[in-house]
């Protein structure tokens, strides 16, 4: 600001005050921009790990001469997409090699049924019902030839034939072994359907992506009762971990964003149930629906829905210290203060590692005697720092302090319950497969596809947590599910299935 000449003393004084105010504003803006620049350099050149290390190791490298290059604006002009729809429909038939191995399976009626109950005469075999299913064993494919002899009743009273085995997809031309392999490759190995299709073609088997997609949706929606049973078990536990992540939905004219919610729970150091729930958006109502009538311990980040329910004392909220730590790691304004806060949070994590090797009572004792005082120190540090008027309102440090301050009433909750956790890393790890998968298969086709994917992911990722081969598990339950008693549905859950399968 340039001072005007030939002004009175009062006018010059006011101009001087305005100049100082403008100067202070610009200094604050420069400080904020420097902090943001340092954070960006750390994101590009620094370590992505949140592990707290010494100051000497925290120095980030800056390479001169690697400034962003200018981009020719002409190359950024959008080209109108070709909107004409193809008139040819994708074929849904299955191509099978002519030289594929065939294995015959004979399904006959019991011997006592081969005699007419009225005339006591034996039934006459008049032919066979033959069905073919493409099946899979690790490393190869074969054709399963199912033979069902047909018997004529005396006096032309009809024909008797054994029933086909139960199948989750009626009249499907592929065996449950191949269906299980497709599901495992997509939801455990994160392969998109076009890559699964290419792999099949290398062995001479042709199955369209459209047909495989239909199978997946039918299977996922059919198996939903298993996911519902796991969810009810999680909600009956006293310990729940929850998180959510975006997932794209293929829609016209452009891709929409949905959300996949994750819930895990139980009195275990690392609970194995993984429940995924697909929703079209991130509205609070979905969190309210998932946690309806739940009164136990909930671990989560600081999403508004969980905070609102915690304020209403619906459940016991244990906010995640890993998220708190991340906020201070992103702050570059006051290194001495942030390093002090990070060291104290590091001590909490170190003490927790020791506490989890002890009994429940010893764990609570360590938390009360060692961890509670550290949390009190952190609260005092943050409250005192918030009184510092030199902190820029838009700075990452101010955001970190505000994030921490809003969680103060809940920071000690985890110390009161032996199975509660300092962090929400159980949910963070469980939701990572969704993040990996969406980089490969990019999106779900529609709402039904999203719900089917959630169910299958729940079963597959629970199997992985239990060190169960998901392909073997899926093949077995796909064969048994339709004929299994609904009252004993729990027997097909991965943990229950493993107990009976290993007998």
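The values are calculated or read from the model by the stated rules, or taken from the named source; none is laboratory data. Note that this is a predicted model, so its numbers are computed, not measured. Glycine also receives a Cβ, built like all others from the backbone with ideal geometry; neighbour counts cover every protein chain displayed.
So residue 254 ticks every box in (1) farther than 23 Å from residue 168 by Cβ; (2) in a helix (DSSP H, G or I) but one. Which box is left unticked?
The number of the failed condition is (2).
Could you say which residue among 65, 139 is modelled with pLDDT under 85 and within 20 Å of residue 180 (Cβ to Cβ)?
Of 65, 139, the one residue that is modelled with pLDDT under 85 and within 20 Å of residue 180 (Cβ to Cβ) is 139.
Starting from the range 327-353, take each residue that is assigned by TED's automatic domain parsing to the domain that holds residue 388 and at negative phi and list its partners that are in a loop (DSSP other than H, G, I, E, B) and buried (at least 19 other Cβ atoms within 10 Å of the Cβ), counting only C-beta distances under 7 angstrom and pairs at least six apart or across chains.
333/395; 338/331; 348/422; 349/422; 352/422
Name every residue in the range 429-462 that is surrounded by fewer than 18 Cβ atoms within 10 Å (Cβ to Cβ) and under 11 Å from the mean Cα position of the chain (by Cα), in order of residue number.
Answer for the range 429-462, where residues must be surrounded by fewer than 18 Cβ atoms within 10 Å (Cβ to Cβ) and under 11 Å from the mean Cα position of the chain (by Cα): 429, 432, 435, 436, 438.
Given the residues 470, 418, which is the only one that is without any contact (Cβ under 8 Å) to a residue 60 or more places away in the chain and more than 18 Å from residue 243 (Cβ to Cβ)?
Just one listed residue meets the conditions, 418.
Any idea which residue in the range 373-390 is farthest from residue 345 (Cα to Cα), counting only those that are in contact (Cβ under 8 Å) with a residue 40 or more places away in the chain and buried (at least 18 other Cβ atoms within 10 Å of the Cβ)?
385
Condition (residue is touching a strand residue (DSSP E or B) at 6+ places or on another chain (Cβ under 7 Å) and surrounded by 14 or more Cβ atoms within 10 Å (Cβ to Cβ)) applied to the range 280-288: is it met by at least one residue?
yes
If you go through the range 430-467, how many residues are under 30 Å from residue 345 (Cβ atoms) and without any contact (Cβ under 8 Å) to a residue 24 or more places away in the chain?
So the answer is 1.
Being part of a helix (DSSP H, G or I) and more than 23 Å from residue 409 (Cα to Cα) is the filter here; which residues of the range 356-384 pass it?
360, 361, 362, listed by residue number.
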